[in-house]
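Colleague: The structure that follows is given in the form of structure tokens.
Read-outs throughout are calculated quantities, based only on the coordinates presented, and are distinct from any laboratory measurement. Note that the structure is predicted; figures quoted are calculated from it, not measured. Cβ atoms come from the backbone with ideal geometry, glycine included; neighbour counts cover every protein chain shown.
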Amino acid sequence: MPRAGDEQVTFQPMGRRADPQPGQSLLQLAQSAGVGIEAPCGGKGLCGKCRVRPEGRATPLTPAEKALLGPDTEQGLRLACQTALPQGGAVWVPPESRSQRQVILTSGASGELELDQTVRAYTVSVPPPSLERPEAARERLFSALSAVAADGLSDSPELPFSLLQRLPGLLAGGGELGLALRKGREIVSLGAAQQGPPLGLAVDLGTTTVVAYLCDLDSGKLLAVSSEMNPQVPYGDDVISRMSLCAAGPQELAKLSRAAVECINALAVDACAQAGTDPECILECVMVGNSAMHHIFLALDPASLAIAPYAPVVRGPVEIKARQAGLALGQEAWLHWLPLKAGFVGADIVAAALAVGADELDQPTLLLDLGTNGEMVLAAGGRMLACSTAAGPALEGGHIAQGMRGAPGAVERAALQAGAASTELRVIGGEKPVGFCGSGLVSLISCLLEAGILLPSGGFDPERGRGLVRPGANGREFLAAPSGATGHGRDLVLTSQDVAEVQLAKAAIRAGAEVLMAEMGVKQISQVLLAGAFGNYLDPGEAARIGLFPPVPVERILGVGNAAGVGAVMALLSQKQRVRAKKLAQAMGYVELSGHPLFQDLFVDSMAFPGGDA
Ligand code: FES
């Protein structure tokens, strides 16, 4: 008789135990047990990144696993999403399969930002009622407030019922009260006099990372920044995987939505702890994110985003009470989502355009937010045109044999030693390398092009490779680090297929930019602004070297930090900036690239790398 507990699965080295349910893969079991395993394809058996070594009676190896794992099956490796241990056992999760916290970009929100308060704090002196004037407490409160409200009080002021219920206790007779007034109309907090300033939270809900900025709404001061990996990542690296999970039913959408909401609540707690305050004091929240993150967070079925013509459920700003979305902030706090432009041009790119002042840029400027979707805006002379290219996940390390996110162990920069006899790698966290993140890939490819080891066609030249280029399982590969120098004890290689994936990604981005140029009649771009994490860790010269975007002098390629987050902070601090964001989204033109007459030809033309000697 097996003893109770014998059928448990133990994930190592975490030591986390869980009871397997019928039909549950090891990946699903790991997720339910809070064990992070990389799953860029969302558990579809396509990416090969969820490798684990089960010990026990595992379900039989599937043909898909054999194809993806190749010789690694001989070392007992399996795909967690395709394998189960119904009778329990142990599972070793190797370092390269563990979800790691990505290096999260939070920079950018510095300097003076315009202040035009949505929420203002007041101290009011409310007189007691009298026999001559037996006015209700609420009316006496409004009268007292109208006497001090800086921009006047609306003709129809509002006191939410939850605050009305508190009024008798606060105002036994008369006395001083502290309150916060939103847009001159609604009282959103009420308490004793001398409360702290009203606080606001700006949130950039990215597909991979979530960043929250806590601000003092009176002074505009940034009080704290808190960030975390998006907890939806285990359900798929990209928005397509997550949208297809949502298609499985409303409970799946609710699950993903809840994950994002809980993450933001935790960030609010953390940011408030840093600032010595309480999330209850947050009275206003502004959010940005791509269209899929927007829909999923708001629990709006994203199905229409996934199929042509990719129409969102709502495009304009969404303003609701924060608690309606599940946010545990002030009881009467409001949540404002900046507008989307289109199905794949979200509030994040609108916010980034706001941050860089795209509506006022004179010289042709390309604003690029690179990720799975290369969202971009070409701005010139007050005109703006946006598009989104399906760049694929290669530039985030996806679809790359040994690709990974920008986490510890990822190669972020490469240089060839004299004579191209070996490669010097700079690795995040100073550890031994276990994979390439996007900037590392671009860097290595750029070096190999420079050395002539990689040809403009994307093929390796074994002659120039001096023993580092060798035959691999699927064509030639470049040995970046031998097994003895890596963190996983295997050779770290760049395969021909990896190079082809990068070519596809960069061709999509370059062709998208050139379509925008053609549509706007722009012959030459004068600057490129790189927003987001990948853009900021990218070396401008190396990006130009692989032909990621149309030619522009290297000194005019600038990283602009987390521009989407900065745009969110701007909109948090200023009503005028919210109005500007709305106008900006309306004024921005949109080009749908699928089916565009120029796109396919430009895409094919952009596949090759620029000449090897350039
Ligand atoms: S192959 Fe298992 S998550 Fe992608």
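Colleague: Of 559, 391, 597, whose Cα points farthest to the positive end of the dipole of the chain (charges on the beta-carbon: +1 Lys, Arg; -1 Asp, Glu; origin at the Cα centre)?
Modeller: After comparing all options, I get 391.
Colleague: With +1 on the Cβ of every Lys and Arg and -1 on the Cβ of every Asp and Glu, and nothing else charged, how large is the dipole of region 119-192 about its Cα centre, in debye rounded to the nearest 20? Working shown, then result.
Modeller: On the way: 8 positive and 8 negative charges, 41 e Å.
Here region 119-192 has a charge dipole of around 200 debye.
Colleague: A further question follows. If we count other beta carbons within 10 Å of each Cβ, what is the order of 97, 25, fewest first?
Modeller: By the 10 Å Cβ count, ascending, the order reads 25, 97.
Colleague: Fewest Cβ neighbours within 10 Å first, please rank 92, 334 accordingly.
Modeller: On the way: 92 16, 334 23.
With the fewest neighbours first, 92, 334 line up as 92, 334.
Colleague: To make sure I understand, if each residue's beta carbon is the centre and we count other beta carbons within 10 Å, what order do 412, 135 fall in, fewest to most? Before the final figure, lay out the partial values.
Modeller: Details: 412 23, 135 14.
In order of increasing Cβ crowding within 10 Å: 135, 412.
Colleague: Additional query: Kindly flag which residue pairs out of 506/576; 255/506; 49/255 have an alpha-carbon separation exceeding 25 Å in this structure.
Modeller: Numbers: 506/576 37 Å; 255/506 34 Å; 49/255 23 Å.
In this structure, 506/576; 255/506 lie more than 25 Å apart at Cα.
Colleague: Where does each of 471-484, 43-56 land if you order them by average Cβ count within 10 Å, highest first? Could you put the intermediate results ahead of the total?
Modeller: Values: 471-484: 15.9, 43-56: 20.0.
Peptide ranking by packing, descending: 43-56, 471-484.
Colleague: Over 18 Å between Cα atoms: which of 341/582; 183/321; 44/66; 183/221 fall into that group? Don't skip to the end; give the middle numbers.
Modeller: Working: 341/582 10 Å; 183/321 14 Å; 44/66 14 Å; 183/221 20 Å.
Exceeds cut-off: 183/221.
Colleague: Next up: Run the dipole for the chain about the Cα centre, Lys and Arg Cβ at +1, Asp and Glu Cβ at -1, nothing else charged, and hand back the magnitude in debye, nearest 20. Write down the numbers at each step before the final one.
Modeller: Numbers: 48 positive and 61 negative charges, 164 e Å.
Roughly 780 debye for the chain.
Colleague: Using a 4.7 Å cut-off between beta carbons, which cysteines in the chain end up with no partner cysteine at all?
Modeller: 50, 81, 215, 246, 263, 272, 281, 285, 387, 437, 447
Colleague: If packing is taken as the average count of other Cβ atoms within 10 Å, what order do 203-215, 296-308 fall into, highest mean first? Don't skip to the end; give the middle numbers.
Modeller: Working: 203-215: 26.2, 296-308: 18.7.
The packing order, highest mean first, is 203-215, 296-308.
Colleague: Multiply the residue separation of residue 33 and residue 457 by 0.36 nm, subtract the distance between their alpha-carbon atoms, and state the gained length in nm to one decimal. Walk me through the numbers on the way to the answer.
Modeller: On the way: separation 424, 0.36 × 424 = 152.64 nm, distance 4.60 nm.
The residue 33-residue 457 span can extend by a further 148.0 nm.
Colleague: Let me spell out the model: positive unit charges on the Cβ of Lys and Arg, negative unit charges on the Cβ of Asp and Glu, origin at the Cα centre of region 323-430. What dipole size does that give, in debye rounded to 20? Working shown, then result.
Modeller: Numbers: 6 positive and 10 negative charges, 51 e Å.
Using only the charged Cβ atoms, the result is roughly 240 debye.
Colleague: Gain in length, residue 466 to residue 161, computed as 0.36 nm per residue apart minus the alpha-carbon separation, to one decimal in nm? Before the final figure, lay out each step's value.
Modeller: Details: separation 305, 0.36 × 305 = 109.80 nm, distance 7.63 nm.
Residue separation times 0.36 nm, minus the Cα-Cα distance, leaves 102.2 nm.
Colleague: Quick check on the chain: helices-only [θ] at 222 nm, where DSSP H runs of length 4 and up contribute -39,500 (n - 2.57) each and the sum goes over total residues. Nearest 500, please.
Modeller: Working: 18 runs with 173 residues, N = 614.
Per the formula, -8000 deg cm²/dmol.
Colleague: Please list 534-540, 121-127, 339-345, 10-16 highest first by mean number of surrounding beta-carbon atoms within 10 Å per residue.
Modeller: Details: 534-540: 22.6, 121-127: 16.7, 339-345: 25.6, 10-16: 15.1.
Packing order, densest peptide first, comes out as 339-345, 534-540, 121-127, 10-16.
Colleague: While we're looking at this one, here's another question. If each of residue 138 and residue 598 carries a label point 7 Å out from its Cα toward its Cβ, how far apart are those two points in nm?
Modeller: Result: 5.9 nm between the two label points.
Colleague: Moving to a separate point now. Rounded, prolate or oblate, given the Cα gyration tensor of region 9-97, with a/c below 1.5 counting as rounded?
Modeller: Working: a/c = 1.42, a/b = 1.33, b/c = 1.07.
Because its axes are fairly even, with a/c under 1.5, region 9-97 counts as rounded.
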